[in-house]
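None of the figures in this text is laboratory data; all of them are computed from the coordinates on show. In this text, all values refer to a predicted model and were calculated from it rather than measured experimentally. Here the Cβ is made from the backbone with ideal geometry for all residues, glycine too, and neighbour counts use every protein chain on show.
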Amino acid sequence: MSLRRALYDANSAQPPSCEELSRRMKLVNPKYSLREWFVVPAYNQATAGNYSQVRELQEVMTQPYAEQSKEVDEKYYRLKASEFFEIAGLSYVSCSS
């Protein structure tokens with residue numbers, strides 16, 4: 001069974017279009033998520049007295065469903081940078097920790 005067919009309104013004769021499914025998903029799934037690999041560098045700067053990155057994260061994350069600027073997209077709507085893959089707490093957590 002296709003995702004479109006599985007998610008269609010039972011009262012409707014036709015499954016929703018891909019565009020409609022995308023619209024519905026965007027209503028319940030935030031575009032921007034606070035990730036630890038965004039937070040750790042911001043905290044590090046804040047401990048040195050520079051709160052600009054913390055404030056920027058706060059601004060972005062108060063509107064996680066909204067379309068934001070191209071600069072915000074490039075910075076916060078992306079995959080994790082490779083330098084963070086092997087850092088504990090940024091890439092993985094242990095159930096025993």
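Excluding S33 itself, what net charge comes from residues whose Cβ is under 14 Å from its Cβ, given Lys and Arg +1 and Asp and Glu -1? Mind showing how you got there, number by number?
Values: positive: K26, K31, R35, K75, R78, K80; negative: E36, D73.
Residues close to S33 contribute a combined charge of +4.
Please give me the summed charge of the neighbours of Q45: other residues whose Cβ is under 12 Å from its Cβ, Lys and Arg +1, Asp and Glu -1. Show your work: numbers first, answer last.
On the way: positive: R55; negative: E56.
Local charge sum for Q45: 0.
For N44 and T62 in one chain, what is 0.36 nm times their gap in residues minus the Cα-Cα distance, to one decimal in nm? Before the final figure, lay out the partial values.
Values: separation 18, 0.36 × 18 = 6.48 nm, distance 2.12 nm.
Answer, rounded to one decimal: 4.4 nm.
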